[in-house]
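The values are calculated or read from the model by the stated rules, or taken from the named source; none is laboratory data. Every value quoted in this text rests on a predicted model; they were computed, and no experiment measured them. Here the Cβ is made from the backbone with ideal geometry for all residues, glycine too, and neighbour counts use every protein chain on show. With ligands, DNA and RNA removed, areas are computed over all heavy atoms of the protein, side chains included. Shrake-Rupley method; radii C 1.70, N 1.55, O 1.52, S 1.80 Å.
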Amino acid sequence: MRASAVSTMLSKRRCFAAAANRIRPLARAFCDAPASRADAAAGGVPGSQDHTQEVGGVKAAPDVLDVAIVGGGMVGLAVACALSNMPLTKHLRVGIIDSNPALKSRNHLTKNGIPDSRVSTVTPATISFFKDIGAWEHVQQQRHAFFGKMQVWDYTGLGYTRYNARDVGKEYLGCVVENKVLCNSLLLRLQEELDDIESVVYPTRLVSLTFPSKSRQAGMNPASSGQLSVGHATEELHRSNLVKLDLSDGRSLYSKLVIGADGSKSNVRQIAGIKTTGWNYPQSAIICTVEHAVENDCAWQRFLPSGPIALLPVGNNFSNIVWTMSPEESLRHKSMSPEEFVKSVNHALDFGYGPHPSSSALDHYMEQLFSGIGNTAASTKECFEVPPKATGVVSERMAFPLSLMHSHDYVSKRLALVGDAAHTVHPLAGQGVNLGFGDAAALAKVIAEGVSVGSDVGDLTLLQRYEKDRKAANVAMTAVLDGFQKLYSVDFGPLNVVRAAAFHGAQYISPLKRNIISYAMGDMKLPIFS
C-alpha cells in the first residue's frame, strides 16, 4: 500500500514537471513580445530573475537583447535610430557598444566657432532617410551647408563640367555636414524616442563573440540537468541560441542579432571570419578647414596628376579641403607652415599644373550637336569659374591612407555588417558614408519586415534579403569610383584627350548630365543615356 502511494506521488510530480516544461517555453514566447521600457532598461525580460555573476571582480547581469550594434559611429547610430522610430521595431531591445566618450553628448552643437575637419557630403537620398527617422530637424539646428552647384575640371585645361540642382528640378545637390553634427543629431533623436538612452549605450569595447552552435544547443537539455532548476536551465537554453558578446568591462550580452558597424578594421567581421577583397591605393588624403574672404556656395573638384582636390562649403566663409596625393606628399603638406599650405591649396585649385579650361570650337560644335536631345540642362551654358581663394587654414590638418575593401558576405546567421565594416571606397565623390546610410535604412526595413511576419531577426534567410539589396548597389558604386581613380591617376597624352571628351560629354549631353546628377544624389540607376 505504502509502495503504491509513493509510486502515485512520483507519477504526479513527473506530470507536474512535464507541464511546467511545456509552460515555460510559452512564457518565453510572451517575453519576446514588445517589452516595457523598464524591462528594456534592465536589459532582461519581463518577470525574469536577475542572475548576477562575478566576472573579473565586477558584478554584472548578462543582458538579453534583440539587436546589439557594435560601433556607435554615424552608421551604427542610424541603424539604432531607424529601429527606434518604426512602429514595428521600436519595442526591440537594442544595445549600442562603443567606448567613444562623444556618445555622452546630448546637446545641440553651436554654429559658432571653427568647423571640424571631418565632414560628410550627404546626398538628398540620405537627407530623406534622416527626415524619415526624425533626425534631420536636429541637423538643421546645427551647422550645415547646402550647395546647389558643382564644378569638376581637369588640370590639363582640356575640359570641365558644371552641375546645377536645377538640371533635375531640385533645390540642392547635397549638403556638407560635420560628422560630429550627424552623430549628435542621431543621438538627440534617440533620446526623444527612448525613455532612458543611458541603458541603450554600453560605453565599453567588444572583446569576443561566441556564436551558437548546434552541438552546444543539443547538449543543453534542461530535463537532464540535475543541478540546475528548470527555470535556470530553460534560460540557459534560450541564451545558448543567441550570440554572446563579452565586453571589456567584464559584462556579457546575449543578442538575437549582432550588427557590425565598427569601421573598416571591423572586429566583428574578423571574429566572424568573413573574408574581404581589396587593395591599398598609393595615395593618402589630407583634410582640413580653410577660410575665405567671401562665402562659398559651390562644391569644387579638380583632378590633378596625384589625385583630386575638393573644396566643399561648410557654412559662413569656411570650406573643407579633401586633397588626395601620395603618402610622401601628404606628410610634407602636413608639416608645411600654414602660409605655405594655403599657397599650395590655391595653386592646386587655380592655375597650378595647367591652364583654366576655356571655350573652343569643339565646345560650340558639341553644344549644337546635342542641343536637340531632350531639354537642355540649365548648367550647359554655364562658363568655367575660378573657385574662391583660401585666405587661411583654421583647423588641424589630418592625413589618412586610402583603400578599397569589400566583404565577400554582408551577413551570416545572427550577424550583419553595415557601412565601412562591409565596404570602403575612394573618397573622390564623397559617397562612402551615403552607402553606409543606405545600408542602415535597408537593414532596418528588412528587420521590420521580419518582425511583421514573426520571423527571428537573426534568421539568415531574412538577412540575405538585406545583403542582396545592398551588395548590388555598393559594388556598382565601388566600381565607378575605382574606375575614376584609375582613369585620372595617369598623365598620358591620348588618355588626356579621352578624359577631355568625357568632360565635354558630361557638360553638353543633357540626358547624360541629368543621369549623372541623379546617380550622385542617391538614385541607384547607373548614369547612362535614357
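Structure values in brief
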quantity	calculated
With 5 Å bins from 0: P(r) over the stretch 382-499, alpha-carbon pairs, percent	2, 9, 16, 14, 13, 12, 11, 8, 6, 4, 3, 1, 0
With DNA, RNA and ligands ignored, accessible area of LEU209 (1.4 Å probe; Å², nearest 10)	20
Around HIS406: net Lys/Arg minus Asp/Glu count, Cβ-Cβ under 13 Å	-1
Neighbour net charge for LEU435 - beta-carbon separation under 10 angstrom, K R +1, D E -1	-1
Low-density loop positions, chymotrypsin sites (Phe, Trp or Tyr not before Pro), the stretch 428-502 - DSSP coil, at most 15 other Cβ in 10 Å	PHE492
Solvent exposure, largest accessible area first (probe 1.4 Å, DNA, RNA and ligands not counted), of TRP279, TRP323	TRP279, TRP323
Spherically averaged projected area of the stretch 284-349 from its Cα convex hull (nm²)	4.1
Label point distance in nm, PHE384-SER337, each placed 7 Å from Cα along Cα→Cβ	3.2
Most to least packed among 92-101, 265-274 [average Cβ atoms within 10 Å]	92-101, 265-274
Area accessible to solvent at VAL498, 1.4 Å probe radius, in Å²	90
Area accessible to solvent at ARG302, 1.4 Å probe radius, in Å²	0
Net charge, SER379 excluded, C-beta distance under 11 Å - Lys, Arg +1, Asp, Glu -1	+4
Positive-end extreme of charge dipole, the stretch 397-503 - chosen from GLN464, VAL498, ALA440 (charges on Cβ)	VAL498
Alpha-carbon Rg/Rh ratio, for the stretch 126-176, with Rh computed the Kirkwood way	1.14
Over 19 Å (Cα to Cα) - which of LYS381/LYS513; LYS170/LYS513; LYS343/LYS486; LYS149/LYS180; LYS343/LYS389 fall in this group	LYS343/LYS486; LYS149/LYS180
